[in-house]
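Down below is the structure, laid out as structure tokens.
The values are calculated or read from the model by the stated rules, or taken from the named source; none is laboratory data. Bear in mind the structure is a predicted one, so any value in this text is a computation, not a measurement. Note: ideal-geometry Cβ built from the backbone for every residue, glycine included; neighbour counts use all protein chains shown.
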Amino acid sequence: MKRKNHNNRQVELPNFCHMGVSLRIVLTVEAALMAGVVARVADAQAFWRAFIALSALAQPALLLTLLALCAGGRWLRSQPYRRGVALTLALGVAVPTLFRLWMGPQLAGPDDDPVVAVALFALAVGAGLLGYFNLRARALSPAITEARLQALQARIRPHFLFNSLNAVLSLVRSDPRRAEHALENMADLFRALMSQANQLVPLEDEVALTRAYLELEQLRLGERLQVAWHVRKMPGDALVPPLVIQPLVENAVYHGIEPQPAGGEISLNLYRSGDKVHIVVRNPIAAATGHHKGNRIALANIRERLLLHFDLDAQLKLEPLGAVYQVHIVLPYTRERTQPAPARPHRR
């Protein structure tokens, strides 16, 4: 369950399965352990000895805690926010405490921390981390981020609009049905541009939108534009940021197909491997021409939206492979929808 903040947006518990969240937790725990050791020892040699020993004992308990939080994450986020926080803290305290009790006989020694100290440490660090994630969510989820996402979406190059309109006008008399279908494709594209940027959408919808865009481009490029789809292993229900494939294909058309008189082939390969979804777009590399090289706004757009939605769990790789240029997106396979906040009613 999510809680509304002052901007009428909703704040929820973090997704403990995300690598970025886990990495922040691990680094915070290590920093807290380091601070605790600094307060107890006097010289550097004793510090490193004590820190390494304490960290070696804490890491298994921390790993078990992260696994427990990841396993119960969806259920915890389904609870009212305050209850979810309380349950998360309880779980974050229970796992290391039980681990300490279980490992007690093996850890018996004069310098061992008592069970109460372990529980208090886990509670303090857990409360601090949840407070941090709450503040971070307030910074990323309010209207500021929504405005950023909308602005990022609006950067997608509009040149295809004018080219498509000219192509449709040339078909109105000669092939009215094809012209009507092209206008429907244009309507789908604009509907996607106008949609809410903070919602993830099914991958199959993104593929349908990209097909619509390519059909529009084929009106003017004809046989110069060849497209190879590899979607047999595509997880259609995977949720991705809106307009994450179409800008890549637009770049491929603009930089790989248009500059070449003979055109070329754009290849799209979408598949799932384990808990990751892969989106691979390839296009031929055009010979040196006077074609505008662009400023990579679309790629920066996609990279930032991936970061905002998936933190460190998503990657965007750019690499030339001989005569082919490849863009490879890797993001987590998720089917958990993000729900938009209810609209604030207008006062008259």
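Miscellaneous remarks
- Among the residues of segment 322-348, those identified as within 16 Å of the chain's Cα centre (by Cα) and at pLDDT below 80 are GLU336, ARG337, THR338, GLN339.
- Residue among GLU250, GLU319 that is touching a Lys or Arg at 6+ places or on another chain (Cβ under 8 Å), among the charged types (D, E, K, R) and modelled with pLDDT of 80 or more: GLU250
- Residue in segment 95-109 that is surrounded by 14 or more Cβ atoms within 10 Å (Cβ to Cβ), assigned to a loop (DSSP other than H, G, I, E, B), modelled with pLDDT under 80 and out of contact with any Gly (no Cβ under 8 Å at 6 or more places or on another chain) present: no
- Verdict on GLU258 being surrounded by 16 or more Cβ atoms within 10 Å (Cβ to Cβ), among the charged types (D, E, K, R) and touching a residue at least 24 places away in the same chain (Cβ under 8 Å): yes
- Some residue of segment 176-194 being part of a loop (DSSP other than H, G, I, E, B), of a type outside the set (A, V, I, L, M, F, W, C) and at pLDDT below 75: no
- For segment 176-196, the criterion of a residue being in contact with a helix residue (DSSP H, G or I) (Cβ under 9 Å, 6 or more places away or on another chain), in the same structural domain as ALA286 (by TED's automatic domain parsing) and within 30 Å of ALA287 (Cα to Cα) is satisfied by no position.
- Qualifying residue in segment 44-57 (condition: touching a residue at least 40 places away in the same chain (Cβ under 8 Å) and either among the charged types (D, E, K, R) or not in a helix (DSSP H, G or I) (or both)): no
- In segment 213-224, residue nearest to LEU183 (Cα to Cα) [restricted to those that are of a type in the set (A, V, I, L, M, F, W, C) and surrounded by 19 or more Cβ atoms within 10 Å (Cβ to Cβ)]: LEU216
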